[in-house]
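Notes follow once the structure below has been shown.
The values are calculated or read from the model by the stated rules, or taken from the named source; none is laboratory data. In this text the structure is predicted, and so the values were computed from the model without any measurement. Every residue, glycine among them, receives a Cβ derived from its backbone with ideal geometry; neighbour counts consider all protein chains shown.
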Amino acid sequence: MPPLVSIMKKTINYIQNIKESSISYRVQLSKNRVMSLNALQAKDISIDSEYVKLLTKWRNIHYKWFFSWVKVTHESTYGWLKQYYVPSPSDIIFFIEDKKYNKFGCMAVYNISANSCEVGRFMKGDSNAPKGGMTVALNSMLNWIYNNLKVDTVYLEVFESNIQAIKLYQRCGFVIKKRIPLEVIENDNTKSFQPIQDAQDSELTAHAFALQMEHKQQDSTIDSSHQ
Ligand SMILES: CC(C)(COP(=O)(O)OP(=O)(O)OC[C@H]1O[C@@H](n2cnc3c(N)ncnc32)[C@H](O)[C@@H]1OP(=O)(O)O)[C@@H](O)C(=O)NCCC(=O)NCCS
């Protein structure tokens, strides 16, 4: 079997095993467990679960920082998780918890291939969240990615106007690779920002710009272990 195919098979099995496990999967962010990353698993997903409620609430608060502007409900979040997230072998959401297991934010890894993966769905939900908590969590998630998914590049896309998010990514070692002009496509009650196909004059006609940012594996000093 070609090595890349075999690596992907291992990764797919790894993600599926986490999602289907009946035991919670947590990545501890320090030895004395100040914070942890809690993987969202099939067992956590029901219409009235805390996870579905938090994702719905945070997505509606922060909708304007995502490329698709849509109002979500518990039902639509639950439907998406059941239909797309649970069966996907290439998508994993982590909730970030403080030492009392309060969930104060989330982030996700998806589009996993043999060499690279994308990260996104960064949301700080709780105004009482520890300052710098998202930075610690993202550094730890990067560590987890390089240790477990065996990719060498992690990328993301962000609105150029999202200064707070860009600062977070730069603190964690992401660098800007590309600036992408976007146009708005409106459908029913959804507004989505998509790359302009016709490159000519796109700088002038763009409604907004996205930045593509990239992170390469480097030595990490973060201590994270599984529980
Ligand atoms: C993007 C987002 C997650 C960033 O969160 P954040 O609060 O900036 O991230 P952190 O928790 O790491 O906190 C950062 C602050 O803590 C500080 N900090 C970082 N590490 C620290 C540490 N170890 N000790 C103390 N402070 C620290 C930083 O300097 C920064 O300070 P500043 O806000 O004065 O610049 C948040 O703004 C958010 O939810 N935005 C809406 C959704 C969104 O835009 N998502 C991204 C879509 S691409």
Within the range 23-39, tally of residues that are farther than 16 Å from residue 134 by Cα and in contact with a Lys or Arg (Cβ under 6 Å, 6 or more places away or on another chain) = 0
From the list 167, 100, which one is more than 11 Å from the ligand (Cβ to nearest atom) and of a type in the set (D, E, K, R)?
-> 100
Would you mind stating whether residue 5 is in a helix (DSSP H, G or I), out of contact with any Cys (no Cβ under 7 Å at 6 or more places or on another chain), among the aliphatic types (A, V, I, L, M) and closer than 26 Å to residue 142 by Cβ?
-> yes
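Can you name the strands (runs of 3 or more DSSP E) wholly within the range 118-227 that have at least 2 residues being out of contact with any strand residue (DSSP E or B) (no Cβ under 7 Å at 6 or more places or on another chain)?
175-187
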Looking at this structure, is residue 170 modelled with pLDDT of 95 or more and more than 20 Å from residue 39 (Cα to Cα)?
-> yes
Restricting attention to the range 111-123, does a residue exist that is within 21 Å of residue 213 (Cα to Cα), within 11 Å of the ligand (Cβ to nearest atom) and surrounded by fewer than 15 Cβ atoms within 10 Å (Cβ to Cβ)?
-> no
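Inside the range 151-179, can you point out the residues that are hydroxyl-bearing (Ser, Thr, Tyr), crowded, with 17+ Cβ neighbours inside 10 Å and out of contact with any Asp or Glu (no Cβ under 9 Å at 6 or more places or on another chain)? It would help to see each step written out before you state the result.
At the first step, the residues of the range 151-179 found to be hydroxyl-bearing (Ser, Thr, Tyr) are 153, 155, 161, 169.
In the following step, the residues that additionally are crowded, with 17+ Cβ neighbours inside 10 Å were identified as 155, 169.
Answer for the range 151-179, where residues must be hydroxyl-bearing (Ser, Thr, Tyr), crowded, with 17+ Cβ neighbours inside 10 Å and out of contact with any Asp or Glu (no Cβ under 9 Å at 6 or more places or on another chain): just 169.
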Can you pull out the residues in the range 40-76 that are of a type in the set (Val, Ile, Thr) and either under 25 Å from residue 135 (Cβ atoms) or within 16 Å of the ligand (Cβ to nearest atom) (or both)?
-> 56, 61, 70, 72
Mind counting the residues in the range 99-118 that are touching a residue at least 24 places away in the same chain (Cβ under 8 Å) and more than 17 Å from residue 55 (Cα to Cα)?
-> 8
Being under 18 Å from residue 218 (Cα atoms), surrounded by fewer than 16 Cβ atoms within 10 Å (Cβ to Cβ) and within 12 Å of the ligand (Cβ to nearest atom) is the filter here, so list the residues in the range 124-150 that pass it.
-> 135
Can you spot a residue in the range 28-43 that is among the β-branched types (Val, Ile, Thr), more than 27 Å from residue 183 (Cα to Cα) and either surrounded by 15 or more Cβ atoms within 10 Å (Cβ to Cβ) or at pLDDT 95 or above (or both)?
-> no
In the set 97, 50, the lone residue that is closer than 22 Å to residue 26 by Cβ and surrounded by 18 or more Cβ atoms within 10 Å (Cβ to Cβ) is 97
Verdict on residue 182 being of a type outside the set (Val, Ile, Thr), away from the ligand (no atom under 12 Å from the Cβ), more than 21 Å from residue 112 (Cβ to Cβ) and loosely packed, with under 11 Cβ neighbours inside 10 Å = no
Odd one out for residue 79 among (1) under 25 Å from residue 192 (Cβ atoms); (2) in contact (Cβ under 8 Å) with a residue 40 or more places away in the chain; (3) out of contact with any Lys or Arg (no Cβ under 9 Å at 6 or more places or on another chain) = (2)
Between residues in the range 51-69 that are closer than 25 Å to residue 208 by Cα and residues that are of a type in the set (Lys, Arg), which pairs lie under 7 Å by C-beta distance while being six or more apart or on different chains?
-> 60/71; 69/191
